[in-house]
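Since the structure comes first, as structure tokens, the remarks are kept for the end.
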Amino acid sequence: DKTEAEAPISPTARDEDLPLSFAKQRLWFLDQLDPENAVYNIPWAIGLSGQLRMAALQNALDVLVQRHEVLRTSFPSADGNPLQLIAAAAPIVIDAINMNDSNDSALQNKLAELAQAPFNLSEGPLLRAHLICIDENEHILILVMHHIISDGWSLNILFRELVLAYESACAGQQVELPCLPIQYADYATWQRQWLTGDELD
């Protein structure tokens, strides 16, 4: 017989309170201690060269947010206990910043400023998108996420899917990505059900 740890993770209902995984609860607790600390921000800068198709970029980011529930999840609390709240998919706002006449020092200062702005975990989104225009053919896309919704390993997946979605949108096509049978909230629920009693001890 399979142990609970070997049992498959199944989708859980979204009409009930969704628990946090132990890792996310740790990050939430640390944020409660120091809510203005940006140490757990994950800044992700992507250089874009050539003609930028703004509508295609918007579409690509929206595909990611639609596809991955965790990117539109916030973490309010009820009676002092954190919950996952998954918002409906909506277009992500891209903050356009013109730095055509700026030097490298000003650009680096702006990047640091964007990366260090704190998040409020109880209110989404916990993902910010900024687009710095250096000149007509040079841009920097900066995505800033709180570590509670992403990690370094996940960035490779997001980058690959962002590129595919952008290329598809430029070609006037819908991006084809494999179906996601489960989301992170399903894993968190499974983990909480498994790590109880003797297993938790």
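The values are calculated or read from the model by the stated rules, or taken from the named source; none is laboratory data. Bear in mind that the values here come from a model prediction, so they are computed numbers and not experimental data. Reconstructed Cβ throughout: ideal geometry from the backbone, glycine too, with neighbour counts over all protein chains shown. Please note that ligands, DNA and RNA were not included when accessible areas were found on the heavy atoms of the full protein model with its side chains. Shrake-Rupley method; radii C 1.70, N 1.55, O 1.52, S 1.80 Å.
Taking the condition of being assigned to a loop (DSSP other than H, G, I, E, B) and either closer than 16 Å to Arg192 by Cβ or without any contact (Cβ under 8 Å) to a residue 12 or more places away in the chain (or both), how many residues in the range 69-87 meet it?
Narrowing the range 69-87 to residues assigned to a loop (DSSP other than H, G, I, E, B): 75-76, 79-80, 83, 87.
Going one step further and asking which of them are either closer than 16 Å to Arg192 by Cβ or without any contact (Cβ under 8 Å) to a residue 12 or more places away in the chain (or both), we end up with 75, 79-80, 83.
Matching residues across the range 69-87 total 4.
Can you find a residue in the range 60-69 that is closer than 20 Å to Tyr166 by Cα and either hydroxyl-bearing (Ser, Thr, Tyr) or open to solvent by 70 Å² or more (accessible area, probe 1.4 Å) (or both)? The answer is yes; a qualifying residue exists. Just checking, does the range 30-49 include any residue being of a type in the set (A, V, I, L, M, F, W, C), in a helix (DSSP H, G or I) and more than 30 Å from Ala169 (Cα to Cα)? Yes - at least one qualifying residue is present in the range 30-49. Check the range 27-39 and report whether any residue there is under 24 Å from Asp17 (Cβ atoms) and touching a strand residue (DSSP E or B) at 6+ places or on another chain (Cβ under 6 Å). Within the range 27-39, one or more residues are under 24 Å from Asp17 (Cβ atoms) and touching a strand residue (DSSP E or B) at 6+ places or on another chain (Cβ under 6 Å). Might you let me know whether the range 102-117 holds any residue that is in contact with a Leu (Cβ under 9 Å, 6 or more places away or on another chain) and open to solvent by 70 Å² or more (accessible area, probe 1.4 Å)? Scanning the range 102-117, I find no residue that is in contact with a Leu (Cβ under 9 Å, 6 or more places away or on another chain) and open to solvent by 70 Å² or more (accessible area, probe 1.4 Å), so the answer is no. All conditions in (1) assigned to a strand (DSSP E or B); (2) modelled with pLDDT of 95 or more; (3) surrounded by 14 or more Cβ atoms within 10 Å (Cβ to Cβ) hold for Asp95, with the sole exception of (3).
Under the condition of being modelled with pLDDT under 80 and not in a loop (DSSP other than H, G, I, E, B), the residues counted in the range 2-29 number 3. Of everything listed in (1) outside any strand (DSSP E or B); (2) touching a strand residue (DSSP E or B) at 6+ places or on another chain (Cβ under 9 Å); (3) in contact (Cβ under 8 Å) with a residue 24 or more places away in the chain, the single unmet condition for Val63 is (2).
Mind listing just one residue for me: the one in the range 118-141 that is acidic (Asp, Glu) and open to solvent by 80 Å² or more (accessible area, probe 1.4 Å) and, of those, farthest from Glu69 (Cα to Cα)?
The qualifying residue farthest from Glu69 (Cα to Cα) is Glu136.
Condition check for Leu126 on (1) modelled with pLDDT of 90 or more; (2) out of contact with any helix residue (DSSP H, G or I) (no Cβ under 6 Å at 6 or more places or on another chain); (3) of a type in the set (A, V, I, L, M): one failure, at (2).
Name the helices (runs of 4 or more DSSP H) wholly within the range 110-201 that hold at least 2 residues that are under 16 Å from the mean Cα position of the chain (by Cα) and not polar (S, T, N, Q)? Give the derivation first.
Working: elements: 152-170, 184-194, 197-200.
Filter on the range 110-201 gives 152-170, 184-194.
Condition (residue is free of Cβ contacts under 8 Å to residues at least 24 places away in the same chain, of a type in the set (Gly, Ala, Ser) and surrounded by fewer than 14 Cβ atoms within 10 Å (Cβ to Cβ)) applied to the range 33-48: is it met by at least one residue? No; the residues of the range 33-48 include none that is free of Cβ contacts under 8 Å to residues at least 24 places away in the same chain, of a type in the set (Gly, Ala, Ser) and surrounded by fewer than 14 Cβ atoms within 10 Å (Cβ to Cβ). Annotation note: of Ala96, Ala112, Ala106, the sole residue that is of a type in the set (Gly, Ala, Ser) and in contact (Cβ under 8 Å) with a residue 24 or more places away in the chain is Ala96.
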